[in-house]
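A short reminder: the numbers here are calculations on the coordinates, not readings from a lab. None of the values given here were measured: they were computed from a predicted structure. Every residue, glycine as well, gets a Cβ built from its backbone with ideal geometry; the counts of neighbours run over all protein chains shown.
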Amino acid sequence: MIELISKLEKLSLELVQKQDYLYKVEVKKEQLESLLLSFLNEFGYITLDSINCRDDLEEGNFVITYCLLTPKRDHVVMVQTSIERENASLPSIHTFWPQAEIMEREMHEMFGVDFPGHPTLIDFALEYWDNIPPLRRDFDTLQYVNDMNPFRGQRDDALDAKVEMKKKREAKKAAKLKAEQEAAAKAELETQNNPSQEVQNEE
Amino acid sequence: MAIDVKGVLSPLSAIGTLFEHPKTITYPAVKKDIPLGYRGFHINNLETCIGCASCEEVCMNDAIDMVHPDIEYNIKNTSGCVPRIDYGRCCWCSLCTDVCPPDSLKLDNICTHADSNPDNFLYMPKNHKSIGEEVS
Amino acid sequence: MMESGFHGCDLDDSLKCKLEESGTQNTHSVMEKAAAWFRSRSIFVVAYGTGCGAIEMPPTFTSRYDAERMGVVGVATPRQADLIILSGYLAYKTLRRVIRTYEQMQKPKYIITLGSCPINGGMYWDSYNTIKKLDDYLPVDVSVVGCMPRPEAVIDGFSLLQKRIKNGEKAGWEKYDENLDFYKKNQKRVLGNHVDPSYETDWYNLENGSEV
Amino acid sequence: MKNDLENTIKIFHGPQHPGITGNMSVELDLLGETIKRAQTHVGYLHRGFEKLVERRTVVQAFTIVCRICVPEPDPNEENFARAVENLTGLEISEKAKYIRTMVLEMQRLATMFLWMGGQAGSIGLGLIPQWSVCDRDYMLDLFEELTGGRVYHMYAFPGGVRRDLPEGFLSRLSDLLDYYEKRIIVYNNTFFDNIIFKKRAIGVGIVNADDVIKNAYVGQVMRGCGIKKDVRKDMPYLMYDKLDFDIPVQSDGDVYARALVRRDEMLQSIKILRQIIKQMPSEGDILQKIPKHRKFKLPADDTYVQTESARGAMSYYMAGDGSEKIRRMQVRGPSLVHAYTLLEKLLVDSQLSDVAMTMNSLGICPPEIER
């Protein structure tokens, strides 16, 4: 591990330990292909476990993470790079790792990242998809569903509990107020009626 | 090539199971006991339900609607509403029962229902006090 | 306003009449009744696990719950099958194949759906790749709730279907034949123009240039 | 050779096919019964989990992840819970760790029994699925009692587990393990030693050991080639570093070797479960105090976790962004590489009748390839 840190320092890169078995190194896009090659050929990280992509819409870029393992498989190194969202494109690494072909195909479909030189950028899971790539964060899946697929329209009698609570509270308040008023009116009435009663009693 | 005698003869030991007691549950006739903790259909104790709509808020499937019950069971019910569950959405994750403040919403161990009309899957929880209560 | 238990929507009168009509028996003679009884006791299920519910199929059909007691047996091909079990959500890509499988099946044919997803979207209600109301696209005979339905619930579904067949109630395929335009319109709405040519198409008498 | 390719016929093995492991299809170019080219097609089960998770809070998203792989939901729950714990720094108690380890091993046993049914059914041994699926059901009965769910357990929660052990659960589990040990001897006689299985499986679907490391094959495919690697040993999580177990390996790399590895792993799982029953602490919190679901926030950071599922290492990449929603969760299941890179290679020049058997032995599970 110390060896790897010193080797990366020569390339002016920093290896950060994230968890017990997890390390991370961040590179620029231009350096990425050569660094992955040196991980494969020089540092002994010959297994590519996965390629992950994350959409940072606010910063306007995609963050791509390559997870690499040694033959011992006792720790993971994440090689992370960020590319621009507009016209995103990455060098294809399927010639070094055959399994990257399918991972890149998936990323192409789900995020719209282009891989020049990739042989089979065909459909992965979707069929006849003509919207923006679905895992981009500006794709609103609920809106898409509402446009395509009606839900069962029998739940229109649902009530908003907050409105109902307010209504009930107000009704309660009004009832209380009304009761008070009534009580006051009654008391008044009683004070008005009482003399006559007394008169009646006297009679 | 020598014949693999063991490979030929040992599968025949399966004949021994002919005389074992069958393990089949003949379902409509014999019912298996479903434990009380099983996540089946909802029950709601309307006398303690306070109509707070916590269940509606936590439900990620948007399955719970708040509706008025036929009569007011609990005077302290803040909204006068009780939950009704759309079984075309519910996934029986029991998050709604976990967050219920008065612990009135629960999951029963009754869990089988089939219907020929797909419109008939709005479920009003039965007004039971506890799980496993006998249906009269 | 509401009693506890399962509820449907409040139907308006015209729709109510239609549904009652569909519930009428169309078995009249003794022969028809006998045929319906025999039919209900031999239901062949096509082996197509379309969703998560396929995981409860092995326990239902093997020794623990043994659906074969009720005459329900699995077969490999749609041509020999009477019943297709749509077990859970259907992606658009699967819906195309399911429509094709359903149209290959010989009449009489029935559909059972498992789980919440085909009823009203289920837990994938906001997913961009699954359909929400299956009965818009295919006629559903019996829906079973649960996520996943236990084998007991699946067997309940089988018994309900058998009861319906025995009573001669109007089956899904008859509705599909009568309202083919409605179903095809809905299928076209979600699947676009990429619906496979229908098996109902009269290939031999097709006029030149007419749309398939 | 050119003549060969011209005379091929194309068939689709699936999605409506009894010999396929789930809802997927393999497009085959056949010359007679020999496969000349194979191409995998998935997407029949695509639900967009990764999109759905982004729309939900952490507490809500936890209920959906177990649906990612249908035959074995628990490694998914474990991965999700551990990724959230890594990001937020939650520590879980020892008892919760033991319970989670136990659930993972129970799930491994249940999945192996289901696999055995599929493997035997794919070569026409109809008796074994009748038995093994029934045996798996006994484990599901225990799950029902412990978690409240038969297939989808929704049990391992970030910060612990959702329910305590029911009374007398461990003794019932112990009884079931005794029964399983007896049953595995029966399966040995009727299935693993069966001459039909041996004749069909030996020498079919041989994986080249040189490819294994570089192409990231995992699980029984790797261990069937004699490479002794297991996430439980190499990057121990939960209580695995305190439990004593072996990693079974075979050297041939064919279907039969992978079957034997699986059988030995079942025995190892029983061994692990017995240790857990002995060591299970009687006291301890099962769930840490966690915030309400609108206040459970993930820091702006990312992590990568791996769990050994019954078919190999399953990994999750998870990133938060300071809000209560998950920025990104990506699943890398064992089947992704097996179904594409490996299967397309293995099927070339094999027989049509071996396709179902090879797929079963690789443990391909389509819902986790496409999510």
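Counts of other chain beta carbons within 10 angstrom of each beta carbon in peptide A:100-109 average 3.
Listed by Cβ neighbour count within 10 Å, with the fewest neighbours leading, B:ILE75, D:ILE35, D:ILE227 appear as B:ILE75, D:ILE227, D:ILE35. Put a dot 7 Å past the Cα of B:ASP70, heading toward its Cβ, do the same for A:GLU180, and the two dots end up 3.8 nm apart.
Taking the Cα centre of the protein assembly as shown as reference, the dipole from Cβ charges on Lys and Arg (+1) and Asp and Glu (-1) amounts to some 1780 debye.
Which trypsin sites (Lys or Arg not before Pro) in the stretch D:285-335 sit in a loop by DSSP (not H, G, I, E or B) and have at most 10 other Cβ atoms within 10 Å of their own Cβ?
Passing sites in the stretch D:285-335 are D:LYS289, D:LYS295.
The amide H of B:HIS42, built 1.01 Å from its N in the peptide plane, has B:ASP108 as neighbours under 5 Å, considering only residues 5 or more places off or on other chains. Taken along its principal axes, the alpha carbon cloud of chain D reaches lengths of 68, 47, 35 Å, longest axis first.
So, counting K/R as plus one and D/E as minus one, what does the shell of residues with Cβ under 14 Å around A:PHE151 add up to?
-4
Which entries of D:LYS95/D:LYS289; A:LYS72/D:LYS345; C:LYS132/D:LYS297; D:LYS51/D:LYS289; A:LYS7/A:LYS28 have Cα-Cα distances beyond 20 Å here? From D:LYS95/D:LYS289; A:LYS72/D:LYS345; C:LYS132/D:LYS297; D:LYS51/D:LYS289; A:LYS7/A:LYS28, over 20 Å: A:LYS72/D:LYS345; C:LYS132/D:LYS297; D:LYS51/D:LYS289. Computed over the alpha carbons of chain A, Rg followed by Dmax gives 35.0, 121 Å.
Helix D:127-147 and the long axis of chain D differ in direction by around 10°, with both axes built from C-alpha atoms. With neighbours defined as other Cβ atoms within 10 Å of a residue's Cβ, the residues D:LEU176, D:LEU352 order from fewest to most as D:LEU352, D:LEU176. Taking amide H as placed 1.01 Å from N in the peptide plane, B:TYR123 has its amide H under 5 Å from the amide H of B:ILE85, B:ASP86, B:TYR87, C:HIS7, each at least 5 places away in sequence or on another chain. Counting beta carbons within 10 Å around each of A:ASP20, D:ASP354, D:ASP321, A:ASP160 and listing the fewest first gives the order A:ASP20, A:ASP160, D:ASP321, D:ASP354. If you add up the charges near D:VAL103, with Lys and Arg at +1 and Asp and Glu at -1, over every other residue whose beta carbon is less than 9 angstrom from its beta carbon, what do you get? Residues near D:VAL103 contribute -3 overall. In this simple spin-label approximation, B:GLU47 and A:ASP74 carry label points 7 Å from Cα along the Cα→Cβ vector, and these lie 6.4 nm apart. Taking 20 °C and 1.002 mPa s as conditions, the stretch C:43-191 diffuses translationally at an estimated 140 µm²/s according to Stokes-Einstein applied to its Kirkwood radius (Cα pairs). A simple count of charges around A:THR95, restricted to other residues whose Cβ falls under 13 Å of its Cβ and scoring Lys, Arg +1 and Asp, Glu -1, yields -2.
Report the normalised scattering of the stretch C:58-135 as log10 I(q)/I(0) at q = 0.17, 0.21, 0.23 Å⁻¹, calculated by the Debye formula with identical scatterers on the alpha carbons. Here the Debye-derived log intensity ratios amount to -0.76, -1.01, -1.09. Between amide H atoms placed 1.01 Å from N, distances below 5 Å from D:SER309 occur with D:MET314, all of them 5 or more places distant or on a separate chain. Of all stretches in chain D that contain no GluC sites (Glu not before Pro) in a DSSP loop with at most 13 other Cβ atoms within 10 Å, the longest one is D:168-282.
Out of all Cα-Cα pairs in the protein assembly as shown, roughly what percent, to the nearest whole number, are more than 37 Å apart? Value for the protein assembly as shown (Cα pairs over 37 Å): 50 percent. Using alpha carbons only, how many degrees (0 to 90, rounded to 10) separate the axis of helix D:169-187 from the longest principal axis of chain D? With both axes taken from Cα atoms, the answer is about 10 degrees. Applying a DSSP loop filter and a limit of 10 other Cβ atoms within 10 Å to the trypsin sites (Lys or Arg not before Pro) in the stretch B:1-90 leaves B:LYS76. Applying both filters, DSSP loop and at most 13 other Cβ atoms within 10 Å, to the GluC sites (Glu not before Pro) of the stretch A:81-172 gives A:GLU86.
Under 20 Å from a label point set 7 Å out along the Cα-to-Cβ vector of D:LEU287, the amide N atoms of the stretch D:112-148 belong to D:143-148.
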